1. Which of (1) in a helix (DSSP H, G or I); (2) out of contact with any Pro (no Cβ under 9 Å at 6 or more places or on another chain); (3) surrounded by fewer than 19 Cβ atoms within 10 Å (Cβ to Cβ) is the odd one out, the single condition Glu104 does not satisfy?
2. Please determine, by comparing only the residues of region 136-148 that are in a helix (DSSP H, G or I) and under 28 Å from the mean Cα position of the chain (by Cα), which one is farthest from Leu180 (Cα to Cα).
3. Name the single residue that is nearest to Ile168 (Cα to Cα) among those in region 190-205 being touching a Gly at 6+ places or on another chain (Cβ under 7 Å) and surrounded by 19 or more Cβ atoms within 10 Å (Cβ to Cβ).
4. So for region 407-417 (the condition being over 22 Å from the mean Cα position of the chain (by Cα), within 23 Å of Gln465 (Cα to Cα), surrounded by fewer than 21 Cβ atoms within 10 Å (Cβ to Cβ) and in contact (Cβ under 8 Å) with a residue 60 or more places away in the chain), does at least one residue qualify?
5. Using beta carbons and a limit of 7 Å, which pairs, at least six apart or on different chains, have the first residue in region 440-465 and among the hydroxyl-bearing types (Ser, Thr, Tyr) and the second one modelled with pLDDT of 95 or more?
6. Are there helices (runs of 4 or more DSSP H) fully within region 233-316 with at least 1 residues that are touching a His at 6+ places or on another chain (Cβ under 8 Å) and not assigned by TED's automatic domain parsing to the domain that holds Cys208? List them.
7. Cβ-Cβ distance below 8 Å, separation of 6 or more or different chains: which pairs start in region 41-62 with a residue that is closer than 17 Å to Glu104 by Cβ and end on one that is loosely packed, with under 15 Cβ neighbours inside 10 Å?
Amino acid sequence: MERLNSDNWKAYKQYPEKVLQFGEGNFMRAFVDWQIHKMNQQTDFNGGVVVVQPLANGLSEMLNEQNGLYTLYLQGIKDGEALKEHEVINCITRTLNPYTQHAEYLQLAENPELRFVVSNTTEAGIAFEAGDKLNDAPQSSFPGKLTALLHRRYEFFGGDSSKGFILIPCELIDRNGDELKKIVLKYAELWNLGEGFVNWLNEANTFCCSLVDRIVPGYPRDSIAEITAELGYEDKLVVVGEQFHLWVIEGPGWIKNEFPAHLAGLNVLVVDDMTPYRTRKVRILNGAHTALTPVAYLYGIDTVAEAIEHEEVGPFVKSLIYEEIIPTLDLPVEELNSFADAVLERFLNPYVQHYLMSISLNSVSKFKTRDLPSLLQYVESKGQLPEKLVFSLSALISFYSGRRGSEVIQLADDADILEWFAALWKSCDGSEASLRVLTAEVLGATNRWGCNLNEVAGLTDKVAQGLFAIEKLGMKQALQDLVKKPAHN
């Protein structure tokens, strides 16, 4: 069987290199490169991607053997239908390993058509390495490599202000563009690159913060034999992703003229402030995950999709999202509802087995960052407690007892949190009074929550009531009783 490459892929096209990409992994190929491929097909973008392998070991050789071609499978719910589709992505021109091709790497700076820099070097990639020097071949850090390339470009084009880059990092850290720029400027100072270069960095280059969202399971090891038979060719770089995608780029509006993703029907937003979108994702998607996990797991459910499809847990989660989380967010309601609809579709993806126990890792810190802000904001704006979020907090405390009926829960959290909960549950005899004491101890842990939650009016009693119901009646009956209660007026 033939290997996928430009010799046997008749639709192959070579594009002028406009995009420099640090990172050749699954996410970038299933997210950024797919979008550039779509823009090439449906707009006049006409841009190729030259990929730089950020570490000494990577996929550059394999990508070059396939001339940058690979097959992307998108699997999930699209327009209400479970859909699995695939296509060959053609936009990567070549891949460089700066550890063995350093001269070729620096020559990229001399290409006048190069305009965009994108990256995904993992959360640890945007970091300052004090030992990096300008004449290293290459520097060990990604920002060090980038600074050297930017300096070469500045010198080669004589500080021409039209030769700056639009830089859009995709690493999953808050304010990623700001952080990358800060480190590049730090290297400029450390390496004494001069005021002219610093001015050019600030004035000719646009560092954007961005938020990326697409689940990418990656290479389908378990089903590659069937996929190869279906495709009729060998592809060592098959990548699987979900249908949903979102890219929020914080930057000036004119970026859309140069990066016309919207004209290709892509879910790319160029905005003045990405904060509401980040908050929306953390509160709705991540918040729903964290809130549903202890409730669904203690009910006897093991995966997210099962939970959403369940006749009692599903409506609980939907009510929690639409009635308790969305009202606390500062974006148009239609936009929030549309995002929530898409989140629930993603939760139902039949091609992804998303286990609740994998989401349960570090649940206390997750509840603090993802759900507690919604709970507190709801109290502040409505003057009452959000029943579903409060019940989820009761379920979380019960979850940390480490028992699901006769089954032991394999809790995964920091050792001090596990020891703290173990001691609290050991001293609890299961009576209503002792469960209230336990609840007050948990809510009063300012080092866990950043505040004393016992000071929130009525919260201690409400959480203790929910905990007692779960412990005495079991999750099924406790949840049924909660759902039967009349809604707030």
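1. (2)
2. To start, the set of residues in region 136-148 that are in a helix (DSSP H, G or I) comprises 142-148.
Still in the list and also under 28 Å from the mean Cα position of the chain (by Cα): 142-147.
Details: Phe142: 9, Pro143: 7, Gly144: 10, Lys145: 12, Leu146: 10, Thr147: 10 Å.
Applying the filter and picking the extreme gives Lys145.
3. Of region 190-205, the ones touching a Gly at 6+ places or on another chain (Cβ under 7 Å) are 196, 200, 204-205.
Subsequent filtering for residues that are surrounded by 19 or more Cβ atoms within 10 Å (Cβ to Cβ) retains 200, 205.
Numbers: Trp200: 18, Asn205: 11 Å.
That would be Asn205.
4. Yes - at least one qualifying residue is present in region 407-417.
5. Correct list of pairs: Thr446/Asn452; Thr460/Thr439; Thr460/Ala440; Thr460/Leu443; Thr460/Asn454.
6. On the way: elements: 255-258, 275-280, 287-299, 304-309.
Counting at least 1 such residues, we get 287-299, 304-309.
7. Sorted first by the residue in region 41-62, then by its partner, the pairs are Gly48/Gln14; Gly48/Pro16.
Conditions (1) closer than 30 Å to Ile417 by Cα; (2) in contact (Cβ under 8 Å) with a residue 40 or more places away in the chain; (3) surrounded by fewer than 19 Cβ atoms within 10 Å (Cβ to Cβ), marked per residue:
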position	(1), (2), (3)
Leu320	yes, yes, no
Pro327	no, yes, yes
Val333	no, no, yes
Arg346	no, yes, no
Met357	yes, yes, yes
Ser360	yes, yes, no
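The values are calculated or read from the model by the stated rules, or taken from the named source; none is laboratory data. It should be emphasised that the depicted structure is a prediction, and the values quoted were computed from it without experimental measurement. Every residue, glycine as well, gets a Cβ built from its backbone with ideal geometry; the counts of neighbours run over all protein chains shown.
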